[in-house]
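Structure record follows, encoded as structure tokens.
Every number here is computed from the coordinates shown, using simple stated rules; none is lab data. Treat the numbers as computed from the prediction; the structure is a model and nothing was measured. Virtual Cβ from ideal backbone geometry, glycine too; neighbours counted across all protein chains shown.
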Amino acid sequence: MKVLVTEAISEQGLEILRQAAPVDVQLGLNGAELAAAIDDYSVLVVRSATKVTEEVIAAAKRLKIIGRCGVGVDNIDVAAATRHGVLVLNSPFGNTDAAAEHTVSLLFALARNIAAAAQSVAEGRWERGKFVGVELHDKVLGVVGFGKIGSGVARRAQGLAMRVLVFDPLLNVERARLMNVESVELDDLLRRCDFLTFHCPLNRHTHHLLNAERLKLLKPTARIVNCARGGVIDEAALADALREGRVAGAAIDVFEHEPPFGEPRSPLLGAPNLIGTPHLGASTAEAQENVAIDVARQVLDAWRGEPVQGAVNLPALEAEEHRRLKPYLHLAEQLGVLQAHLARGRLERVEVSYLGALHDAPAAPLTRAVLRGLLRTFHGDSTINYVNVPSVVEDSGIQVSETRSMESATYHSVLRVGVRAGGHQHVADGSCFGSDPRIVALDGYGYNILPEGHLLVWYNTDQPGVIGKVGTLLGDAGVNIAGMQLGRDAFGGRAVSIVVIDAPIDQALIDRIRAIPGMLDVRVVDFGNGGASVGSRLVLPPSMGETA
């Protein structure tokens, strides 16, 4: 692992990284310079100023992790990172208090005209009558976006006896009730609020969320705060509203283009009743230290394959949940490896079923483990990992479905993986006995097979002599049989045999086995080629743990 840091972060965060890997600090790298430098590094640590574009990510052949010291990741092309299998981490908690407190400080500054009054005194004037303000007490605060920061602002506002309206499509009724806020539609919030604050990400749904039309819904006495992301507000429309007196004031900590003085220059500069601050939401000594330490620790955890809470493009698991599911994560990947060796032709459909006590398990990480084992092995592509496997599935046109049932006929918990390829389907069941994973069924036949090493799987018509002939061929080739389990549907019908062998076998021997009378199909399963030794790692495949 080798780390590149392109923005100033706390020394404590740097020291955590330096204890595990070489760290280069090159402040201000961006654009072509960053793209030229990035190929030497497996980890990139940034704040908000570094633009991690698709061009940068494409140039970073060794890059495995991007750590964002802060919450927002709009300066990172997360979609491109995901396609390239690069894990994106942020610090979801480190600057929450700082951003919420800065928002409340701007609410006070707007309400009491603090910035303009301070400037007046500094210029030698005493204009008490000019700066009559309003109280926050009993006013209505409209909060757009009710994540960690938005809810933190709401709690502080309630301590100031403000009434809180919230617009957030993800806010459910129960949480709104517990937080003592009123959940409303955006237009209703705009019509009713006295103060308006934004705490939502910037994306195609929120770009210019507050535009010229919605500004008309506000009271002329309303005041606006934006400590979220520049671009959420149409700056030209807000500047017009301030000049025309259609809103009472605005406090802006984030601009669509930063700094706002260049080209294009922000239309808000010079607008009346505007307080502008230079993106200070997370700029406290405590927050800068917290986010750097948080991201540094997560980078090291991710590199070791441990669960991380700030994974942006990977399903997160709590540490205890990860411990409980770890054997099933290993099993899931190995079932995918098994199915990859059994499949022939184009992969068409994957069905993952969670049965018995596994019915309430989080499906996303387990399904990704199945798909990673399947596709990494089937395509022989070591770049397929837990981050990019959904993109590979989408690009391949493979249909994936998940089902759950509390009923499991044989075992307490069963993970069932069905794969259809080339018009044929195989179904494999797995279960864990404590921390010990097992393949317990294949195509309806019961087994108890440890998913490790090398297996020889064959299908034949049930007739005497087949097993003996296979054993003779293996013995003549010097291949030792470590175990054998058999299944059949009826005497003289179809039989399936699974033999554990101590070494791989070549194609010539496979062809001789396939030529035995009554043999229908022969497959060799090599779990060693499927990454089984680290299959329990949720976050990173083995290639991400190599020294770079």
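With bins 10 Å wide starting at 0, give me the P(r) of region 281-416 over every alpha carbon pair, in whole percents.
All Cα pairs, binned at 10 Å, distribute as 11, 36, 31, 14, 7, 1 percent.
Taking only the alpha-carbon positions of region 96-276 and ignoring solvent, what does the Debye formula give for the base-10 log of I(q)/I(0) at q = 0.17 Å⁻¹?
Ignoring solvent entirely, the Cα scatterers give -1.08.
What order, most packed first, do the peptides 296-302, 272-278, 474-480 have when packing is the mean number of other Cβ atoms within 10 Å of each residue? Display every interim value, and only then the final one.
On the way: 296-302: 23.3, 272-278: 15.7, 474-480: 13.1.
Per-residue Cβ counts within 10 Å, averaged per peptide and sorted highest first, yield 296-302, 272-278, 474-480.
Can you match Kirkwood radius over Cα pairs in Å to one of these, (1) 26.9; (2) 38.7; (3) 25.2, based on a calculation from the structure here?
Answer label, from the structure shown: (1).
Report, in debye and to the nearest 20, how large the dipole of region 182-284 comes out about its Cα centre when Lys and Arg carry +1 and Asp and Glu carry -1 on their Cβ. Don't jump to the answer; show the numbers that get you there.
On the way: 11 positive and 14 negative charges, 35 e Å.
That gives region 182-284 a dipole magnitude of about 160 debye.
What lysines does LYS219 reach when the alpha-carbon gap must be under 22 Å and sequence neighbours fewer than 8 apart in one chain are set aside?
Partners found: LYS130, LYS139.
Round to a whole angstrom and tell me the spacing of the C-alpha centers of region 37-71 and region 476-500.
50
Determine the shape class of region 170-263: with a ≥ b ≥ c the square roots of the Cα gyration tensor eigenvalues, call it rounded for a/c under 1.5, and otherwise prolate if a/b is greater than b/c, oblate otherwise.
On the way: a/c = 2.17, a/b = 1.41, b/c = 1.54.
Cα axes put region 170-263 in the oblate bin.
State, as an integer percentage, the relative contact order of region 96-276 based on alpha-carbon contacts under 8 Å between residues 6 or more apart.
Answer for region 96-276 is 19 percent.
Quick one: which of 349-357, 199-207 comes out on top by average Cβ neighbours within 10 Å, and what's the full order, highest first? Don't skip to the end; give the middle numbers.
Details: 349-357: 19.2, 199-207: 16.0.
So the order, starting with the most tightly packed, is 349-357, 199-207.
Which of rounded, prolate or oblate describes region 27-92 when judged by the alpha-carbon gyration tensor and an a/c cut-off of 1.5?
Working: a/c = 1.56, a/b = 1.20, b/c = 1.31.
Because a/c hits 1.5 or more and a/b fails to exceed b/c, region 27-92 counts as oblate.
Amide H neighbours of SER48 under 5 Å, at least 5 residues apart or on other chains, H built in the peptide plane: list them.
It is none; the list stays empty.
Reachable lysines from LYS64, Cα under 18 Å, same-chain residues fewer than 8 places away excluded?
LYS2, LYS51
Give me the distance between the Cα centres of region 81-139 and region 154-213, rounded to whole Å.
Taking the Cα centre of region 154-213 as reference, the centre of region 81-139 is 17 Å away.
Under the rule of -39500 (n - 2.57) per DSSP H run of 4 or more residues, summed and divided by the residues of the chain, what mean residue ellipticity at 222 nm is obtained, to the nearest 500 deg cm²/dmol?
-9500 deg cm²/dmol
Per residue and in Å³, how big is the convex hull formed by the alpha-carbon atoms of region 319-534? Before the final figure, lay out the partial values.
Values: hull volume 26.2 nm³, N = 216.
Dividing the Cα hull volume of region 319-534 by its residue count gives 121 Å³.
Report the one residue of VAL144, ALA20, SER431 whose Cα lies farthest in the direction of the positive end of the charge dipole of the chain (charges on C-beta: Lys and Arg +1, Asp and Glu -1; origin at the Cα centre).
Sorting the options by dipole projection puts first VAL144.
To the nearest 20 debye, what charge dipole does region 56-114 have about its Cα centre, counting +1 at the Cβ of each Lys and Arg and -1 at the Cβ of each Asp and Glu? Walk me through the numbers before you get to the answer.
Details: 6 positive and 4 negative charges, 74 e Å.
It comes to approximately 360 debye.
ALA161: net charge of surrounding residues, Cβ under 11 Å, Lys/Arg +1, Asp/Glu -1, itself excluded? Spell out each step's value before the answer.
Details: positive: LYS139, ARG163; negative: GLU135, ASP138.
Net of charged neighbours comes to 0.
Take the Cα atoms of region 393-450, find their three principal axes, and give me the spread along each one in whole Å, biggest first.
On the principal axes, region 393-450 reaches 37, 21, 20 Å in Cα extent.
In percent, what relative contact order does the chain have, based on Cα pairs under 8 Å that are 6 or more apart in sequence?
On the way: 1146 pairs, mean separation 68.6, N = 548.
Relative contact order for the chain comes out at 13 percent.
Using +1 on the beta carbon of Lys and Arg, -1 on that of Asp and Glu, and nothing else charged, what's the dipole of region 86-215 about the Cα centre, debye to 20? Mind dumping the intermediate values first?
Numbers: 15 positive and 14 negative charges, 34 e Å.
In total the dipole reaches around 160 debye.
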